[in-house]
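Below you'll find the structure, written out as C-alpha cells, and then a few comments.
The values are calculated or read from the model by the stated rules, or taken from the named source; none is laboratory data. Quick caveat, the model's predicted, so the values are computed rather than measured. Cβ coordinates were reconstructed from backbone atoms using ideal geometry, including for glycine residues, and neighbour counts include every protein chain displayed. Side chains are part of the model used for accessible areas, which takes the heavy atoms of the whole protein and leaves out ligands, DNA and RNA. Shrake-Rupley method; radii C 1.70, N 1.55, O 1.52, S 1.80 Å.
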Amino acid sequence: MSGDPTSRFAALRGRAVAEWAALVQSRQTRILVQLAGCGIAVGAMETFQDLVQATRGGTAEATVELVGCSGLCYLEPIVEVQFPGGPRVLYGGVTPDRAPELIDTVVSRQVHRADWAVAVRGPDALPGIPSLETLPFMKSQLRRVLVRHGVIDPTQIGHYIALGGYSQFVRALTSLSPDQVFAEVTASGLVGRGGAAFPTARKWETARKTPARPKYMFCNAEEGEPAIYKDRRIIESDPHLVLEGMLIAGLAIGIDKGYVYIGGEHHLAAERARIAIAQMYEIGLAGKNILGSDLSLDLEVRVGAGSYAVGESSAMMSSLEGKRGMPRPKLVRSAEKGVWAKPTNMNNVETYANVPIILEMGGAEYAKTGTRRSTGTKLFAPSGQIMRGGLIEVPFGTPLRTIVFDICGGMANGGAFKFAQPGGPTGGAMPASMLDLPMSNEDCAKAGTVLGSGGLVIFDQSACVVDLGIYMMAFNSIESCTRCTTCRIGTARLTDIFQRMSRGEGHLEDLETIRWLGPVMIETTLCGLGQAAPVPAVSLVDHFRAELEEHIVHRQCSSGVCRILTAGPNPHRLEDARVLKISV
Amino acid sequence: MSIETPASTNIHSPKGARPVGRTITLTVDGVPVQTIQGKTVLHAAIEAGVYIPHLCDYHDLTPFAGCRMCLVEVEGMRGLETACTVVARDGMVVRTNTALARQHQRGVLEVLLSDHPDRCLNCPRMERCGPFVVCQRDDTVTDRCVTCPRNKNCELQRVVDFVQWREQRFFNPRRIGEPERSNPFVERYPDYCIYCARCVRVCDEVIGVSALGLAHRGMDATIAVDFEKPLTESGCIYCGRCAVVCPTGALMKADSKYGATPTESTTPSVCTYCGVGCSMFLNTQGGRLANVMADREGASNHDNLCVRGQFAYDYAQHRDRLKVPRVRQGATLVDATWESALDRVARDLRRIRQAHGPDAIAFVGSGKITNEESYVLQKFARAVVGTNNIDEPTARYCYEPTLRGLHESFGSAGATIPTRDLESAGCVIVIGSHTVEAHPVLSFWVKRVVRRGGRMILIDPRATEMARLASVHLRLHPGTDLSLLSAMLKVIVDEKMIDRTFIESRVEGYDDLAASVASIDLAAVERETGVPAEEIRKAARLYATGGMDKRYPVPGSLWGEIVWPGQRTDTSNSVITYASGVAQQADGEAIVRVIASLALITGQIGKPASGVFPLAGQNNTVGSVDMGCLPNWLPGHQPLSSEPARAALEEAWHRGIPAAPGRDLDATVEAIERGEIKALYVVGANPARSIPDTERVLAAFRKLDLLVVQDIFPTETAELATVVLPASSAKEKDGTFTSTERRVQRVHAALRPIGESRPDWRILVDLAVRFEEDADWCQRQFAFAGPADIADEIARVVPTYRGLAYDAIGIDGVQWPLIDGATGAATLYESGFERGRGRVFPVRASSGAVLPDASYPFIGIFGRAQLWNTGAMSARSRGLTRMWGEHRAQVHPSDATRLGIGDGDLIAIASAHGRLEIRVSVSDIVAAGQLFVPIHHPDANRLLASRRTGRGMKSVALAITRLAGPAPASPQRSEISLMDLPLLPVARPTRG
C-alpha cells in the first residue's frame, strides 16, 4: 500500500463498505448470534454451534454469523434472523434446546414468529414485532458507545470501518493537530469512567507536557469487581471503538506504546482484543508509521492474573512490570513517572470509547449531554432483582428511578425496591429515598455515595443487609493487596463484625465501631480501593441501622437470609437488656 | 624498576562517586530542620531528632507506605500524609504531633494490633512483668511480650508507647503460624508478622537475593520463601539482614533472641573474615559475645553483613582456643608458663642464628593480625633477627601479583575507588571472583549496578550466582584469562575505543601495546578460551563505553525481572574487580598488568567509580602487605631493592637491613628441605595447610629445628610446633586493619583475652626483649607499650600511612594515602600517577592453561565456598559447620551421569600430586569436564604442585573415582544440640 493516510484509509474504507453492503444485501438468510460473555454464560455458544451444524447439514439455507452483545442481557441468548431483503429480527432466549425450533419454525419457513421475536432492529416495526428502538428498555437510553453493539462482528475490523470507524482517528491524524484534538477533549469535559471521575484532559495534559520518552498508555480493562461488566462487553462487542480512542489519545499525547490490560478472568475480551489489534497491524493501523504517516504506536494486550487491586493504576503498572500487583506510593504522578518510571497515561475502556465520539460530535456539542461536571453518557450494568438487566447507556444525570423503573422495568417477582448498590463492593447503598437522585458524579458524591464505574445492583426486600455486608467486606478483604495495615486488617475486621451479626452475636457497639473504622480506613489507606472499602459498611449503618439493630437486638433476620439459631432478644446480654427496656 | 619517593598525594581525590544533594530547610513541629534534597519528610525529621512512629519504613529501602503509622500534617496538603512518601521540600511546614495525627495513629495501631498479640502492650504491669510471672490478665503464654524473642527490642512496643495506645475494641482472632527453625541463622515466627515487608524489600533491594516474598492477598498473605518452602531450600544466603530489619519478633537472628540486646557493652570492631572490612559492633553480655550488629553507616558495608560476619563470630570463644603456651616434650606438647616458653624460643632462635646465620630463620605473617602486629613482626625479622625471610600466605598467593602488577603500571597498588563506588559504575567486570560467596557484602554493590541498568561482565568458568545477572558471561576454559583479556585489549585498540586524550597526557608504552596486540587472532582466542569472539567483542565494547554501547541494549525480558525501573547508573565509568581467581594463576601478574592496561587505554581510571579493584582475601591482607610482610617488599609498598627506602628505614630503626631479598613461602619449604632454614616462626597462619603440595610441606616442617606457632587455635601447623604461643583474637585487642579498599579501620577489645593468651604484638615485644642482645636498642626501638605506640612509628616510617594518627581513626576509618596529611583518598590517580605516567605493557603469550589428559581427564577449579580458608575460625563456628560443614565438590550432571555419580556420593579426586576424598554435589554451576574443589577441604592443597614449578593454584588436571553412595541422613542435623554450644568459661581477669 502506498499514498498518504487519507487515500490509504479511503481505499480501506471503500473495501469495507462494499463488503458490509454485500453482507447486508445477502441473498441468503443470515442468522446472527450474539456471542459475548453474557450470552455464552447461558448457552449462546452451544446455540451458535447447533445453528452452524443445522445450516451446514442442509436443514436450512442460511449463514451463521457472530455479533456482539446488544445489551439486552435479560434476553440472552439472542439470535437475530434476517431474511434476504428484510430487517434483522431479534429472538430472545434461544437456548440450545430451542435452536432447532428456530431453524424449523423461522428459518426454514422464512416467516418471523411474532410470538417469539423480541424486536426488529431498525426504526420500522413488523406486524406484531416492535421496533428495537421503541422497546421500553431502549426508549430512555441514549446509545453512543453502544451504538454498534450487537450490530457488527467484533472480530471483523472491516465492519467497524464500514460503519464509520477509524474515520475520526484518520481525521485527527491528517487534518487536526494534537493541540486541536486536545482542545476538543478539553471542551467536551470528559471525565474518567473508571470511578474516580478525574478530568481526562488534565490527565492527558500532564503526560503530554512531561518530556521523557518513551511514553506509555494503558487501557484499564481489569474490571475485577463483581456485578460490573461494561468494559469487557465493550471490548467483546466493539473493540475497535476503544482502540480508535487509544490511537487518538496516543496521537494527542505522543504515546509510543499502548497496553490493553485485561483482567485475568476476561478470556473472551482478551481474545477479541488480541484479534482486533492483530487486524490493526495487518492493515497498518498500528505499529510503525501508521497508514504511512509519521505516527508510530504499538499496541499490546496484557492479561492480569486475577486480582481486583490491579485495577488501581499504579498496581497495574507494577503488575505489568512483572511485580506483585500492589498499588504503590506515588511520590510523583504516574502521568510523569508511571510504568518503568516513564510518563504513563491510563484511562478506562469507556473513557477511550468516548474519545472518537467526542471528535465526531465536537467537544462543545458532547458537553451538552449530561450534567455540568459529568458530561456525556454513562454505561450502567443494572442487575439484581429487576425485570430487565443488561448493559445500558444513559446521559449522566438520569435519575435512578428512570433506570430502575423505566429501563429495567421495575422489580421482579412483585418485590419492592429496597436499595441499589452502585459501584460494586466499594459504593454506598442508595435506599429508596435516593431514587430521584440524578446519576452523576457530583450528585452522588453530594449524597454520600459514589457512582463508581457503572455497577448497579438493585435489591428488593428479600436481600438482607447483613448478608450483603459480609459479601462486600469479604470481597474487599480477600482482594486487599496486603500493603496497608488498615485495609488488610480493617476489611477483615468489618467482615468479622457482619459475620457475627449474621450469627446473632452482634453488639450494638459494633455499629459505632464500623462508623469509627470507616474514617480511619479512608484517611489511612494508600489507594482508592482501601479508601472505598469501608464505604458500603458505613452506608449500611447509615441507611439500614434499624435492620442491623434488628439482627443485634432482636436476633432476627426479616429477610430470612441469616441463620440465627435462637431468634429473639437475648436477655442474658447486658446491652440487649438495656435496649429492650427502652424499646419494648 | 625504580621507585621515586612517594610523589605528592594530592594527585588523589578525597571524593567518591556518591553525590551529595543540595541542603534544604523545612520546619518540623516549628523547628527548622536541615536535610539533603530528595529525602522524605520522615527521614529528615528522624535525623533531626523528631521521632515519627513508623514500622515499615527503613532508612535504605524505598518507601513502602504500608504500615500507615507515620501520619503527619503538611501545610498546603489536605488531611494527613504519610511522612515516608512525602519528599521534603524547601520551606515545607510539617506538623507531627497534631491531635488528628495522634488519633489516627491510635486507630491504625488498634487495627494492627487486632492481628498481633496485644494484651501485654496495653497492660499497666508490663514493666514489672517477666516470663515467669503469673499473668494478671490471663494472657496466653505464647502471646505475651515477655516471651517474645524481640521483647524490649521491638519497634512495635516503641510505637505503642509513643502514641499511647491503650484501647482495643476488636476481638483478636489469633492466627497460628508454624515457626521455622530450619537453619541455625534466621528463625521465623509468622505469628508476629505485621506485613511491613521490610524483609522482603531488603532481600530484594539491598541484598539482591529475593529469597523472601509476599504471597497471597488480604489476611491470607504470608511472607513466604520461594514456593513456601523452608529457607534452606531457597536462595537465601543467610546474611541475616531480614532479621535485623524486622521490627517485631517475626524474623530473628538465632543468636540474639531473648534479650541479647546491647545492654552491657557495645564495641566498635571490624569483621575478621574477608577483605571488605565490614564495620560492626560487638555486643557483649556477661563477658561473652552475645551478638554483632552491623554498622549502619559502615563505609563499605552500610548496615550489611554476610553470614560469616553476622553469625560466625562465635569462633572467638570456642572451647578449642589456645589458652596457655605449650612446649614440645618428645612427641607431645605440654603446658608451660609464658616465661619458660618465651625463654625457650629466644634461646633456640639465638642458637640457630649463631650457628647458621639469620637467614636460617624464616617468618610467616598473617592476614588476620593487626597492622601494628604485622609491622612489629617484620621489624622483628628484619631488625632484630636480621633476615628478609618473611612472607604471608594470603599476600603471597592472592595479593602479590596485584602489588607487583599495579605498581609497575601506576606506581602504587590498591583499589582505586572506595567499595561503595562500585554500585555507581556503569559497567563492572568481575573476573576470578565468586563474589557472592567470597566477598558477599561487596557482591551486593555489584548487583546494584545491574539493578540500575548498568552492566556486569562476568569472566568465570563457573556459572555462579553472579552469572544470572551478568550482561555477558564469558565462560572461559580455566586458566585462559590472559588470552581473553588480551583479546579484549585488541578489540578496544582495533575499534579505536581508546581514550586518545587520556593516553596522550597520562600513559606511556601505548604504541608497544598496540603493536603487540596486532598479532592476536580472535578466532584463535575463541578456540583457546571457548568464548565466542562476538562475546569478547561485546564485553570489550561495553567495558570501554562504561556499559553505554548502544549496540547492546538491556534485554527486554530481563528488564522487569532484574532492573529497577527508572534507575540509571550514576556514571558511565567501568571498574574491573578481581580476586584470587586471577592472582593464583600462573600468569597472575601478567593478567593484572593487562587489567591495568585495559583501564589505562580506555581512560577508565582516575575518576569516581572507575579503575581497578583488587579483592583481598583476608581482612588484613592489604595491611600485611602495607606493613611489608613480604620477602622483597619493605613497609609502604617499597621494594627492598630501593636504596633510599632501605636507607630511610635503617635510619629510623638504627639498624642495618639485609639487602638481599628473603625467601618466599615456596622457597622456604625448599630451603627447609635442603637444611638451609632451621627455624620457622609462624604468626596467625596455617602454612601446613595453605601452601600447595601439602605432603611435601608437612615433611619439610618435620625437619625443622624450631617451629614456633603463635595462633588462637591449635592448627595443623601448631600440631607440628616446638612451641605454641596462645594469641588473642581480634575481638580481644586493639589495633587497626586495612581493608581491600585501603581503609584503615580501628578495632577495639570487646572481650578480655581468653585464658592467658596475649596479643601478637605483645608476644613479639616480650620475645624481642629476651632475644635482642642490645638491650638499649631494644628499649628504644622495640619496647612498645601498646598498639598506639606502634601506630605512631608506622605513621612516621611507612610512607603510605604517613601522618595517620592512631587516635584520629574513627569508626569510619581512613583510606590511605592521606591527602594533605588529613583526609583519606577516596579516588586514586585523579590528576596523576605515583610513577608519573601510567605504564602499559605489551601483552605476552599465555603460559598455557592446564589441559586434561587421558589419565587426568578433569580440570579442577579451586575456590571458596561458605567456610573460610583453612577453617581455623570458620570450622569452629557452630552455624557454618552445621550448614556447610561437609565439603562438597561440584560436578556437572553429564559427567555425573557418565561416571554413575549421584548427589552426595563420596568420590576420590586424584591429581599428579595427591589425592583427597570428598562428597559431591551434582550441579551445572560447573561446566562439563570441570570439577570444583572447595579450598576449605583439609586436603585440597595436596592436589597442587608447588608454585615453584610455575603452575597456578587455580586449576589442575584431576581424575575422579566413585567410592561410596550418599551418607545416611544424620538425625540431629535439624536440631541444635546443646553440645554444639561453646562451653568456654568467662575469662578470668588477668593479673597485673
### Message
Between B:CYS84, B:CYS56, which is within 26 Å of B:VAL244 (Cβ to Cβ), part of a loop (DSSP other than H, G, I, E, B) and open to solvent by less than 30 Å² (accessible area, probe 1.4 Å)?
### Response
B:CYS56
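For region B:139-228, list the strands (runs of 3 or more DSSP E) that sit wholly inside it and hold at least 3 residues that are more than 14 Å from every other protein chain (Cβ to nearest Cβ); which are they?
It comes to B:186-188.
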### Task
Just need a number here: residues in region A:469-480 that are open to solvent by 10 Å² or more (accessible area, probe 1.4 Å), in contact (Cβ under 8 Å) with a residue 12 or more places away in the chain, within 8 Å of another protein chain (Cβ to nearest Cβ) and not acidic (Asp, Glu).
1
### Task
Go through region B:415-444 and give me each residue that's within 22 Å of B:LYS954 (Cα to Cα) and among the charged types (D, E, K, R).
B:GLU437
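Yes/no per residue for (1) within 14 Å of another protein chain (Cβ to nearest Cβ); (2) in contact with a helix residue (DSSP H, G or I) (Cβ under 8 Å, 6 or more places away or on another chain); (3) open to solvent by 40 Å² or more (accessible area, probe 1.4 Å); (4) at pLDDT below 90:
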{"site": "B:SER519", "(1), (2), (3), (4)": "no, no, yes, no"}
{"site": "B:ALA524", "(1), (2), (3), (4)": "no, no, no, no"}
{"site": "B:ILE536", "(1), (2), (3), (4)": "no, yes, no, no"}
{"site": "B:TYR543", "(1), (2), (3), (4)": "no, yes, no, no"}
{"site": "B:LYS550", "(1), (2), (3), (4)": "no, no, yes, yes"}
{"site": "B:VAL563", "(1), (2), (3), (4)": "yes, yes, no, yes"}
{"site": "B:GLY566", "(1), (2), (3), (4)": "yes, yes, yes, yes"}
{"site": "B:ASP570", "(1), (2), (3), (4)": "no, yes, yes, yes"}
{"site": "B:SER574", "(1), (2), (3), (4)": "no, yes, no, no"}
### Message
Being buried (at least 24 other Cβ atoms within 10 Å of the Cβ) and among the acidic types (Asp, Glu) is the requirement here; does A:GLU61 meet it?
### Response
no
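Condition check ((1) under 25 Å from the mean Cα position of the chain (by Cα); (2) within 11 Å of chain B (Cβ to nearest Cβ); (3) at pLDDT 95 or above) across all residues:
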| position | (1), (2), (3) |
| --- | --- |
| A:ASP460 | yes, no, no |
| A:CYS464 | no, no, no |
| A:THR482 | no, yes, no |
| A:ASP496 | no, yes, no |
| A:MET501 | no, no, no |
| A:GLY504 | no, no, no |
| A:ASP510 | no, yes, no |
#### Entry: Where B:GLN103 falls short, out of the listed (1) within 14 Å of chain A (Cβ to nearest Cβ); (2) open to solvent by less than 20 Å² (accessible area, probe 1.4 Å)
(2)
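How many residues does region A:544-555 contain that are open to solvent by 10 Å² or more (accessible area, probe 1.4 Å), out of contact with any Gly (no Cβ under 8 Å at 6 or more places or on another chain) and part of a helix (DSSP H, G or I)? Please lay out each step first, then the result.
First, pick out the residues of region A:544-555 that are open to solvent by 10 Å² or more (accessible area, probe 1.4 Å): A:544-547, A:549-550, A:554-555.
Filter again for out of contact with any Gly (no Cβ under 8 Å at 6 or more places or on another chain), leaving A:544-547, A:549-550.
Subsequent filtering for residues that are part of a helix (DSSP H, G or I) retains A:545-547, A:549-550.
Total satisfying the criteria: 5.
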#### Entry: Given (1) in contact with a helix residue (DSSP H, G or I) (Cβ under 7 Å, 6 or more places away or on another chain); (2) of a type in the set (A, V, I, L, M, F, W, C); (3) over 30 Å from A:MET472 (Cα atoms); (4) more than 14 Å from chain A (Cβ to nearest Cβ), number of the condition B:CYS236 does not satisfy
(1)
### Some residue of region B:90-109 being over 25 Å from B:ALA243 (Cβ atoms), part of a loop (DSSP other than H, G, I, E, B), of a type in the set (S, T, N, Q) and in contact (Cβ under 8 Å) with a residue 60 or more places away in the chain
yes
### Task
Could you please give the count of residues in region B:444-480 that are farther than 25 Å from B:CYS306 by Cβ and open to solvent by 10 Å² or more (accessible area, probe 1.4 Å)?
5
### Task
Take region B:372-417 and flag every residue that is outside any helix (DSSP H, G or I) and small (Gly, Ala, Ser).
B:GLY386, B:GLY411, B:SER412, B:ALA413, B:GLY414, B:ALA415
### Query
Say we look at region B:815-842 and pick out the residues that are of a type in the set (A, V, I, L, M, F, W, C) and open to solvent by 30 Å² or more (accessible area, probe 1.4 Å); which of these is modelled with the lowest pLDDT?
B:ALA822
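For every residue, the table says whether it meets (1) open to solvent by 10 Å² or more (accessible area, probe 1.4 Å); (2) in the same structural domain as A:ILE470 (by TED's automatic domain parsing); (3) assigned to a strand (DSSP E or B); (4) of a type outside the set (S, T, N, Q).
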residue	(1), (2), (3), (4)
A:ARG373	yes, no, no, yes
A:GLY390	no, no, no, yes
A:THR402	yes, no, no, no
A:PRO425	no, no, no, yes
#### Entry: Residues that are at the interface with chain B (Cβ under 9 Å from one of its Cβ atoms) and open to solvent by 10 Å² or more (accessible area, probe 1.4 Å), drawn from region A:523-534
A:GLU523, A:LEU526
### Members of region A:321-342 that are closer than 30 Å to B:HIS216 by Cα, in contact with a helix residue (DSSP H, G or I) (Cβ under 9 Å, 6 or more places away or on another chain) and not hydrophobic (A, V, I, L, M, F, W, C)
A:GLU321, A:GLY322, A:LYS323, A:ARG324, A:GLY325, A:PRO327, A:ARG328, A:PRO329, A:LYS330, A:ARG333, A:SER334, A:GLY338
### Failed item, numbered, when A:PRO343 is tested on (1) under 18 Å from A:PRO199 (Cβ atoms); (2) more than 14 Å from chain B (Cβ to nearest Cβ)
(2)
### Task
Identify all residues within region B:674-714 that are of a type in the set (S, T, N, Q) and closer than 23 Å to B:TYR375 by Cβ; write none if there are none.
B:ASN686, B:SER690, B:GLN710
### Task
Could you tell me whether region B:192-205 includes any residue that is open to solvent by less than 40 Å² (accessible area, probe 1.4 Å), modelled with pLDDT under 90 and among the hydrophobic types (A, V, I, L, M, F, W, C)?
no
### Task
Could you grab me the full set of residues in region A:137-170 that are of a type in the set (D, E, K, R) and either crowded, with 18+ Cβ neighbours inside 10 Å or under 22 Å from A:TRP20 (Cα atoms) (or both)?
A:ARG143, A:ARG144, A:ARG148, A:ASP153
### Task
Name every residue in region A:171-197 that is open to solvent by 20 Å² or more (accessible area, probe 1.4 Å) and closer than 12 Å to A:GLU360 by Cα, in order of residue number.
A:ARG171, A:GLU184
#### Entry: Of the criteria (1) crowded, with 22+ Cβ neighbours inside 10 Å; (2) within 14 Å of chain B (Cβ to nearest Cβ), which one A:VAL520 fails
(1)
### Query
Among the residues of region B:685-715 satisfying the criterion of being among the charged types (D, E, K, R), in a helix (DSSP H, G or I) and modelled with pLDDT under 95, which is nearest to B:ARG876 (Cα to Cα)?
B:ARG689
### Query
Can you find a residue in region A:447-458 that is over 23 Å from the mean Cα position of the chain (by Cα), more than 14 Å from chain B (Cβ to nearest Cβ) and farther than 26 Å from B:ALA221 by Cβ?
no
### Message
Return the residues of region B:59-71 that are surrounded by fewer than 24 Cβ atoms within 10 Å (Cβ to Cβ), within 23 Å of B:THR27 (Cβ to Cβ) and more than 8 Å from chain A (Cβ to nearest Cβ); say none if nothing qualifies.
### Response
B:HIS59
